Every structure is written in structure tokens, then in C-alpha cells.
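The values are calculated or read from the model by the stated rules, or taken from the named source; none is laboratory data. Bear in mind that the values here come from a model prediction, so they are computed numbers and not experimental data. Heads up, the Cβs are rebuilt from the backbone with ideal geometry, glycines too, and the neighbour counts pull from every protein chain shown. Surface accessibility is based on the protein's heavy atoms, side chains included, excluding ligands, DNA and RNA. Shrake-Rupley method; radii C 1.70, N 1.55, O 1.52, S 1.80 Å.
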Amino acid sequence: ELRSAFTQWGLPERVRVDNGVPWGSDDGLPTELECWLTGLGVTLTLNPPYRPQKNAVVERSQGVAKQWTEPRTCATPEELQDRLDQMDHRQREQYPHAPSGRSRLASHPQLAHSVRGYDPASEVERWSVDPVKKHLAEYVIRRRVDSQGKISVYNTQRFAGRDLCGRTLHVQFDPVEVRWVMLDDRGHELRRVDAPEVCDEAIRGMRMMYRIPCRPAPHA
């Protein structure tokens, strides 16, 4: 759906969304959807929890849409979609927009397209994993080592060491080596493990959360 929207309106510089799944996560790391947007050069801004007033324009627009389209009177989803399309056209291209009296589109013609073109067929050439690596490097998360000496990062178990069972580690991403670095409370490095999910194929295919089998180092 986002690819379809970007094809029509162009790539935005920023997308403002709610902080729930699939946009936000309580995992401490950006979601795979945010990583995909980052690779396209689109910044994701998450609304604060339970603060609809922070996104008042969109919230109000949804209220207007509900009033104008009367969803309960629609016999099918297709009928509702048709009404929503008509409402969008009327509100943006015909309805007077104070104080000028012109429509929203006439007042702000630049909003019809971001100027940054997008074509799903050429996304592979446009998308880059480098901004994602840089973005991930800004995060430091905490993980507790389980009874098997492992921690979970992006739904995959990573071996930290049996001698660390029960301890809480700090984990950050090394964008050069593409590895997760585990640190103690004093910042001393304890272990590095590969991060195969931070790659073009996994992120663009929404497979960062795919559970990768954990294979401890032979000497562990």
C-alpha cells in the first residue's frame, strides 16, 4: 500500500505515524518497516502514546471522513471506498479552504507530488542499506541473558556466553562490520555476533524478524 501511495504522490521526506505495530515497537529497535523507509530516504516520526492532539490534522480528517461517508450505511467495502474517494476529491479539490476561499489543492499545489519520484520496479536501484546501518548504530538496547546464555535481537537468539546467564547486557550495532556488539555496564566489549538480517534482501522483503537458528561459536 505504501508503494502504491508513493507511486502516486512521490516519496515524502517524512512519515508521521502512530507508535503501535507495525510502525513502532517496544523492542527498543526500529521495526523492519521503519528500516525499509530509512533505506528509501524517508524519516519516520512516531506520535507520543495517547497524544492524538500531536497529530490533530489527521485525527480531524478521519472524523470528517466518518461524517461525510457514513460507513454504517455502506453495503460493501467497495461502496465505502468509492465514497471515501469521492470525499477526498471534494474536500481537497472543491471544498473552499479558509481564508483564501480556494480549495486545498489550489492553495497548496506542491502537495500534489513530493517531486521525489518513485517506481516500485526500480526500488532495488534506489534503496540503500547504508542509511539503515547508520540509523541502527544510534541505538543501544538492553537484553537479559537467558539460562542458555543467549539474548534475543530481532526475534533471533544470539549466543552471549553461558558464563553471562542472568546478566543484563548493552547491545549496539557496528555498521562497519555489520555485527551486534555486547557490552557490560562499564562499556567493556564481551562478544560480537553477525547481523545477517541487516541486508537489502531481508529488509526489503520484510524478513528481518525471521527467526535465524543460533549457532554458538565452536569454542563456546
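Side notes on the structure shown:
- Note on surface exposure: 133, 54 rank 54, 133 by accessible area, highest first, 1.4 Å probe.
- Residues 74, 165 ordered from highest to lowest accessible area at a 1.4 Å probe: 165, 74.
- Across the range 156-167, rounded Karplus estimates of 3J(HN,Hα) from the backbone phi angles (6.51 cos²θ - 1.76 cosθ + 1.60, θ = phi - 60°) give 10, 7, 10, 7, 9, x, 5, 6, 9, 3, x, 7 Hz, Gly and Pro being marked x.
- Long-range amide H partners of residue 43 with built H, under 5 Å: 14, 15
- 1.4 Å probe accessible area per residue over the chain, in Å²: 63
- Note on percent of Cα pairs over 24 Å apart: of the candidates [x] 58; [y] 36; [z] 45, the value calculated from this structure sits at [x].
- At most 15 other Cβ within 10 Å, DSSP loop - chymotrypsin sites (Phe, Trp or Tyr not before Pro), the range 116-179: 139
- Once the C-beta distance of residue 59 and residue 119 is scaled by a Förster radius of 22 Å, the resulting FRET efficiency is 0.10 to the nearest 0.05.
- Principal-axis tilt of helix 77-93 within the chain, Cα atoms, nearest 10 degrees: 70
- Counting lysine pairs in the chain that sit 8 or more residues apart in sequence, or on different chains, and whose Cα atoms lie under 28 Å apart gives 4.
- Ligands, DNA and RNA left out, the 1.4 Å accessible surface of the chain is 51% carbon and sulfur atoms.
- Exposure ranking of 113, 170 by accessible area [1.4 Å probe, largest first]: 113, 170
- Average 1/r across all pairs of distinct alpha carbons in the range 66-155, invert it, and you get the Kirkwood radius: 18.9 Å.
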